[in-house]
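For reference, the structure discussed in these notes is given below.
The values are calculated or read from the model by the stated rules, or taken from the named source; none is laboratory data. In this text, all values refer to a predicted model and were calculated from it rather than measured experimentally. So basically every Cβ, Gly included, is an ideal-geometry build from the backbone, and we count neighbours across all protein chains shown.
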């Protein structure tokens, strides 16, 4: 495969990270997860989740994202809890999130080596950014640029948590990839698919009933998309 020419630099590519939608306090995020029945109580009780959020609120920066570890809440279970208000034929409708049909192995996309994901049931992700300045970059191009800025790419589970708490993290032509998660093959190489979260157009196998829905899917490692940035964080806290 021929590697595409590097994405053109622009003033936006060297500015500070884009301001994400404001997240509520960690305690309020815990109540969202509890109230919507996102976390099975046999995996993590409401009391334990509330206690973890309270502990994290003492140390994590203001505006952090609350994340339940994917061993308790995998992306396949989390995606269906996403909600987004969409307009279809001029009428407002609520759409549920989904995983694309050709990503049945979504839960096998694990954090890449070196990513500092805490080995705890609940943790916080600070200063989440959608990475709009890297739109139209490939994952291969974005990975070293994120590291050079002292940031860490979001995992897929973290990205889904973000959209669940803040649906406005997705906007038409402003969605994001989560290249902190990749699928390693048995021979040690990576699958070329890289996960992303965006908005369905309701075409193809998605089906018209999913037009406007939050969508968990994938793009190729060396491909660029004008409507996909690269979500990242300044760090994770446990």
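Name the residues in the stretch 207-216 that are touching a helix residue (DSSP H, G or I) at 6+ places or on another chain (Cβ under 9 Å) and either surrounded by fewer than 16 Cβ atoms within 10 Å (Cβ to Cβ) or closer than 17 Å to residue 109 by Cα (or both), would you? It would help to see each step written out before you state the result.
Taking the stretch 207-216 first, the residues touching a helix residue (DSSP H, G or I) at 6+ places or on another chain (Cβ under 9 Å) are 213-216.
Within the stretch 207-216, 215, 216 meet the criteria.
Residues 124, 186, 157: which one is part of a loop (DSSP other than H, G, I, E, B) and either modelled with pLDDT under 95 or buried (at least 24 other Cβ atoms within 10 Å of the Cβ) (or both)?
On the way: 124 fails: part of a loop (DSSP other than H, G, I, E, B); 157 fails: part of a loop (DSSP other than H, G, I, E, B).
Just a single option satisfies the conditions, and that option is 186.
Could you check, for the stretch 92-99, whether at least one of its residues is modelled with pLDDT of 95 or more and under 23 Å from residue 185 (Cβ atoms)?
Yes, some residue in the stretch 92-99 is modelled with pLDDT of 95 or more and under 23 Å from residue 185 (Cβ atoms).
Would you check which residues across the stretch 189-199 are in a strand (DSSP E or B) and farther than 12 Å from residue 221 by Cα and list them? Break it down into steps so the answer makes sense when it comes.
Let us first name the residues in the stretch 189-199 that are in a strand (DSSP E or B), namely 190, 193-199.
Matches in the stretch 189-199: 197, 198, 199.
Looking at residue 204, is it on the phi > 0 side of the Ramachandran plot and exposed (fewer than 15 other Cβ atoms within 10 Å of the Cβ)? Don't jump to the end; show me each part of the working.
Details: on the phi > 0 side of the Ramachandran plot: yes; exposed (fewer than 15 other Cβ atoms within 10 Å of the Cβ): yes.
Answer is yes for this residue.
Out of the residues in the stretch 95-121 that are in contact with a helix residue (DSSP H, G or I) (Cβ under 7 Å, 6 or more places away or on another chain) and part of a loop (DSSP other than H, G, I, E, B), state the one that is surrounded by the fewest Cβ atoms within 10 Å (Cβ to Cβ).
Here is the first cut: in the stretch 95-121, the ones in contact with a helix residue (DSSP H, G or I) (Cβ under 7 Å, 6 or more places away or on another chain) are 95-99, 101, 106-107, 109, 121.
From what is left, the residues that are part of a loop (DSSP other than H, G, I, E, B) are 97, 101, 109, 121.
On the way: 97: 23, 101: 11, 109: 26, 121: 18.
Out of the qualifying residues, it is 101.
Would the stretch 217-232 turn up any residue that is touching a helix residue (DSSP H, G or I) at 6+ places or on another chain (Cβ under 7 Å) and more than 16 Å from residue 142 (Cα to Cα)? Before the answer, list the steps.
Within the stretch 217-232, the subset touching a helix residue (DSSP H, G or I) at 6+ places or on another chain (Cβ under 7 Å) is 221-222, 229-232.
Narrowing the set further to residues that are more than 16 Å from residue 142 (Cα to Cα) leaves none.
So far as the stretch 217-232 goes, no, none of its residues is touching a helix residue (DSSP H, G or I) at 6+ places or on another chain (Cβ under 7 Å) and more than 16 Å from residue 142 (Cα to Cα).
Among (1) out of contact with any strand residue (DSSP E or B) (no Cβ under 8 Å at 6 or more places or on another chain); (2) modelled with pLDDT of 95 or more, there is one condition residue 195 misses while meeting the rest; what is its number?
(1)
Given the conditions (1) in contact (Cβ under 8 Å) with a residue 12 or more places away in the chain; (2) farther than 17 Å from residue 128 by Cβ; (3) out of contact with any strand residue (DSSP E or B) (no Cβ under 6 Å at 6 or more places or on another chain), and given that residue 95 satisfies all but one, which numbered condition is not satisfied?
(3)
Please go through the stretch 79-88 and pick out each residue that is in contact with a helix residue (DSSP H, G or I) (Cβ under 7 Å, 6 or more places away or on another chain) and either outside any helix (DSSP H, G or I) or more than 17 Å from residue 167 (Cα to Cα) (or both).
Filtering the stretch 79-88 for residues in contact with a helix residue (DSSP H, G or I) (Cβ under 7 Å, 6 or more places away or on another chain) gives 79, 81-84.
Across the stretch 79-88, the qualifying residues are 82, 83, 84.
Going through the stretch 160-183 one residue at a time, which ones are under 13 Å from the mean Cα position of the chain (by Cα) and in a loop (DSSP other than H, G, I, E, B)?
166, 170, 178, 179, 180
Residue pairs, Cβ under 7 Å, 6 or more apart or interchain, first in the stretch 63-75 and in contact (Cβ under 8 Å) with a residue 60 or more places away in the chain, second buried (at least 24 other Cβ atoms within 10 Å of the Cβ) and part of a loop (DSSP other than H, G, I, E, B). List them.
As it stands, the answer is 65/128, since those pairs meet every condition given.
Out of 44, 56, 65, report the one residue that is closer than 19 Å to residue 82 by Cα, buried (at least 18 other Cβ atoms within 10 Å of the Cβ) and modelled with pLDDT of 95 or more.
65
Output yes when any residue across the stretch 64-78 is out of contact with any strand residue (DSSP E or B) (no Cβ under 8 Å at 6 or more places or on another chain), in a loop (DSSP other than H, G, I, E, B) and more than 20 Å from residue 119 (Cβ to Cβ), and no when none is.
Within the stretch 64-78, none of the residues are out of contact with any strand residue (DSSP E or B) (no Cβ under 8 Å at 6 or more places or on another chain), in a loop (DSSP other than H, G, I, E, B) and more than 20 Å from residue 119 (Cβ to Cβ).
Does the stretch 21-29 contain at least one residue that is at pLDDT below 95 and closer than 18 Å to residue 166 by Cα?
Applying the first criterion (at pLDDT below 95) to the stretch 21-29 yields 21-22.
After this cut, where a residue has to be closer than 18 Å to residue 166 by Cα as well, the list is 21-22.
Looking for residues that are at pLDDT below 95 and closer than 18 Å to residue 166 by Cα, one finds at least one in the stretch 21-29, hence yes.
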